[in-house]
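Some notes on the structure that comes next.
Each reported figure results from applying straightforward, stated rules to the coordinates on display, with no laboratory input. What you are looking at is a predicted structure, and each value in this text was computed from that prediction instead of being measured. Quick reminder, even Gly has a Cβ in these numbers, built from the backbone with ideal geometry, and neighbours come from all protein chains shown.
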Amino acid sequence: MSIGLARLREEPDRIRQGAIDKGEDPAIVDAALALEGKRRQLLGESDTLKAERNAASKKIGEAIRTGAAPNGPEVAALRRASTEAGNLIEKIDAALATAEVELEELMLRIPNPADADVPVGDESANQVVRTWGEILAREVVTDGARWSRRPHWEIAADLKMFDLERGAKITGSGFPVYTGQGSRLQRALIDFMLDIHTAEHGMTEIWPPAMVNAASARGTGQIPDKEDLMYIATRDELYLVPTAEVPVTNLHRDEIFEASQLPVRYAAYSPCFRREAGAAGKDTRGILRVHQFDKVEMVFFEKPEASTEALEWLTGRAEVILQRLGLAYRVLLMATKDMGFVQAKKYDLEVWAPGVERWLEVSSCSNFRDYQARRMAIRYRPEPGAKPELVHTLNGSGLALARTVAAIMETYQQSDGSLVVPEALRSYMRTDRVVA
RNA sequence: GGAGAGGUCGCCUAGUGGCCUAGGGCGCCGCACUGGAAAUGCGGUAUAGCGCAAGCUAUCGAGGGUUCAAAUCCCUCCCUCUCCGCCA
């Protein structure tokens, strides 16, 4: 259940249109509406019968207490009435349970309607909101000499910064081994990003488990929808996290915040594991698409009225990282059919990698509004003593490492084959240059 | 992994089949008393669903079972604590 039955009843048209805009079948909305009516009817019948049964049982207790024989005719009659109600309840509850399961399945297939300012359409409707930095050309002239920027895997091989072949040997393809200064660069980036998000952006640092249980995987919607994308330890029913979003958002599952606690803003490092099923053959060179990578993720819990602005701020905090690293990037506002099922609004950050001459997605910043919060029952009390309401959740990478590393290598490579360390990372790397 | 003890309302705790519609304490909120406060007194204080409402229903770690009736009895599982074993 993600959209909320009350909202389904109140504004079916908006939800129907939202489904159409995202390329989903709007007929599901009507089917859900019909089932919801049936559910309420059955629930009413069941509740009435339960009230009758409870009253009858109570009478039996009273009768025995006031001296009636427990096996006498008076008690037997009452018992019969209660049993009859009980049998009927059993039948109605079975029908109700079926209706609820079906309804829940339908509700899970209704997407979160996109915000009004999101462009309607597929990939081609995505909007470039802004671009930052100099988009470097592959061909360069330095001191009169022509040379071409190389892709990151060639640089890494020369400077011994990662080793894909040995990664494939010890684990499998798509599991890079970072070595020497490459390994240090990983540490440096994680440290650097967390330092900025905590010290400058005021977020609370989280170091979450890399595996979660089924309830958590269900909470953020990894199962059942995206089960193919995850590595699963079946023996223990644990799931390797595809992003820190999963454990960190689940931190507050089934919890109620006080209004004074919000916003709650986390920055979390975690390794990320993705099977990338069906993606074989795409982006196979280098570290652009791997099964294990590292990422610092930002996760926000906000009051509903603050979430629109929070998404802009969140996106800006991811941009700060790219700016400090001196990497050229652009911000895309994703169109309805390209943004995902659960997002209400989403920005993608793409960094320019001049060696492969491509924009690489390094961050995806989304506002889920109350969709995710409903699924996980994450609420807050607007006023002390008031009825709890759903919070709004947001998250965004800040940033994903592998592609950022590729962009750094390709942006900062020199004609002599060495790598200049971005200024922001020098204190972390304890050097300003990586040489062979 | 083995043995034991537990899991009840925000927290602590009572509760061993029907008077539990879950009692008490702490905390919190309101009111009274006060010049103001403390202390004291009175009242309130979970979540969800359904209903115009009065109210009804569900939830005592989770799920199943026994019963007219389950916090209470039975089964399975999860978690916490103590001790032992193993271990970075």
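How would you order A:44-50, A:391-397 from highest to lowest mean count of nearby Cβ atoms within 10 Å?
So the order, starting with the most tightly packed, is A:391-397, A:44-50.
Apply the Karplus curve 6.51 cos²θ - 1.76 cosθ + 1.60, θ = phi - 60°, to the phi angles in the range A:232-246 and return the couplings in whole Hz, x for Gly and Pro.
Calculated HN-Hα couplings, in order: 10, 8, 4, 4, 10, 6, 10, 10, 6, 6, x, 6, 5, 3, 5 Hz.
For the range A:136-146, in order, what is each residue's ³J(HN,Hα) by Karplus, 6.51 cos²θ - 1.76 cosθ + 1.60 with θ = phi - 60°, in whole Hz (x at glycine and Pro)?
After applying 6.51 cos²θ - 1.76 cosθ + 1.60, I find 6, 7, 6, 7, 10, 10, 10, 6, x, 9, 8 Hz.
Work out the FRET efficiency for residue A:198 and residue A:11 from their Cβ-Cβ distance, taking R0 = 35 Å, and round it to the nearest 0.05.
0.30
For residue A:257, what residues show an amide H to amide H distance below 5 Å, using hydrogens built from the backbone and excluding near sequence neighbours?
Amide H neighbours of residue A:257, under 5 Å, 5+ apart: A:379, A:380, A:381.
If amide hydrogens are placed 1.01 Å from N in the peptide plane, which non-local residues have theirs closer than 5 Å to the one on residue A:206?
Counting only residues 5 or more places away or on other chains, the set is A:267, A:268, A:269.
So what is the 222 nm mean residue ellipticity for chain A from helices alone, if each DSSP H run of at least 4 adds -39500 (n - 2.57) and you divide by all residues, rounding to the nearest 500 deg cm²/dmol?
Dividing the helical sum by the residues of chain A leaves -13000 deg cm²/dmol.
What distance in nm separates the simple spin-label points at residue A:83 and residue A:258, each placed 7 Å from Cα in the Cβ direction?
5.4
Kindly state, to the nearest 0.05, the FRET efficiency for residue A:414 paired with residue A:205, given R0 = 35 Å and r defined as their beta-carbon distance.
Efficiency at R0 = 35 Å is approximately 0.55.
With θ set to phi - 60°, apply the Karplus curve 6.51 cos²θ - 1.76 cosθ + 1.60 along the range A:327-333 and write out the HN-Hα couplings as whole Hz, x wherever there is a Gly or Pro.
Karplus values, whole Hz, x for Gly and Pro: 9, 6, 8, 9, 10, 10, 8.
Can you give me the distance in nm between label points at residue A:170 and residue A:138, each placed 7 Å from the Cα along the Cα-to-Cβ direction?
3.3
Amide H neighbours of residue A:363 under 5 Å, at least 5 residues apart or on other chains, H built in the peptide plane: list them.
Here A:349 satisfy the definition.
Grab the other residues whose beta carbon is less than 9 angstrom from that of residue A:337, score K and R as +1, D and E as -1, and report the net.
-3
If I stretch the segment between residue A:105 and residue A:30 completely, what's the gain in nm (0.36 nm per residue apart, minus their alpha carbon distance), one decimal?
25.7 nm
Contour minus end-to-end for residue A:228 and residue A:90, with contour as 0.36 nm per residue of separation and end-to-end as the Cα-Cα distance?
Fully extending the segment from residue A:228 to residue A:90 adds 46.0 nm.
Assuming R0 = 25 Å, can you tell me the calculated FRET efficiency for the pair residue A:145 and residue A:423, based on Cβ-Cβ distance, to the nearest 0.05?
0.50
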